[in-house]
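Asks: Below is the structure I would like to discuss, written out as structure tokens.
Derivation of every value follows stated rules applied to the coordinates shown; laboratory data play no part. Please read these numbers as outputs of a predicted model, since none were measured by experiment. When we count neighbours, we look across all protein chains shown, and the Cβ atoms used for this are built from the backbone with ideal geometry, even at glycine.
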Amino acid sequence: MTNDAGTSSDISSASIIASIKDKGWAQVAGQEDRLDMLREISAKLCRAFVPCIGRESYFKTFPEGELHHAPVGRKAVLGHSEGAYNPVVTPPDLCFFLSIQTIPDDAGGQLTLADGERMLDVLPTPLVDRLRDEGVIYTMQWEPSRWRDELRTNSKQEVNDLMACRADVDHDWDGDHLILKWHTFALRRAWSSGREAFANGILAHLPAIPSGIDDADNIYCRVTNGLAWGNGESLDHSEITAMIQAHADILETRLMRQGDMIIIDNTRILHGRSKAAQDVGRELVCRFGLRASQL
Ligand SMILES: [Fe+2]
């Protein structure tokens, strides 16, 4: 187990910040008072917290609203920036992941990290140029429980009002199902380094995994999602394959023991999850924040 940001008796926010500014992330070794450590360190590094992202089931054991469990699933989730597909939630600068149980090394289900700056070195230049110039359009169809949770709205009228002032979002209804199209960035300038990074939700928003990708059946996708270039043209299989391959080339799987915490710059480091042979449960508690002004 590496410990790049301090020992269990010497957790300093300065060493965590130094590690994040160097490589985009930091790891802190396990503590007795695990949730207290998560709250304390995140409070030092953030000026505010983003309300829990996603569906209510992820955070119902933490009703105060700023902590939640990572989604449970056996499929691999490819690297993404948190909040990148949601047009109404401010994406966090920092993500905190606390391991509340040790997952055996060979069980799968571990947190994965990929450096979005390195992605740009590995991807073909024409693809990087297009990502930079056009951005992407995320398309999604959400059932009523999903749009209520994701958009924090209770009625179709509220959704209509919310979207009325947005030039970057198109919305429509199929009965009670909301159809959203959001045109947004695909690259960002990482706050911790000042350099450009592949920082988006593309790989976790795929409608299907292209044939030819290893173990495609064990990678998360959702048929009602869609991805297009900024001009409306669909991303083709070779472009998606190039992105999945680049991500695989630089992927790092982090083995976390109980109480370990990993903190990432969400504008640089993509996070995901490796596939699991069996249900490993809700092993991660997450908190998402907007960085403090001194960072
Ligand atoms: Fe995530």
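Asks: Which one, S155, G116, P144, is farthest towards the positive end of the dipole of the range 100-165 when Lys and Arg carry +1 and Asp and Glu -1 on their Cβ?
Replies: Result: S155.
Asks: Same structure, new question: Could you work out which residue, out of I213, I41, I179, moves most in a Gaussian network model of the chain, that is, has the largest mean-square fluctuation with Cα springs under 10 Å?
Replies: So, out of I213, I41, I179, the one fluctuating most is I213.
Asks: Tell me, rounded to the nearest percent, the portion of alpha carbon pairs in the range 195-295 spaced more than 19 Å apart.
Replies: Cα-Cα pairs of the range 195-295 separated by over 19 Å account for 55 percent.
Asks: Which lysines does K44 reach when only Cα atoms under 17 Å apart count, and residues fewer than 8 places away in its own chain are ignored?
Replies: Partners found: K21.
Asks: Note the direction-averaged projected area, equal to a quarter of the hull surface, for the Cα convex hull of the range 6-291, in nm².
Replies: Orientation-averaged projected area of the Cα hull: 14.8 nm².
Asks: Straight-line reach from K181: which aspartates and glutamates have Cα under 12 Å away, leaving out those fewer than 8 places along the same chain?
Replies: D168, D170, D172
Asks: With charges only on Cβ, +1 for K and R and -1 for D and E, what is the dipole size of the chain about its Cα centre, in debye, rounded to 20?
Replies: 500
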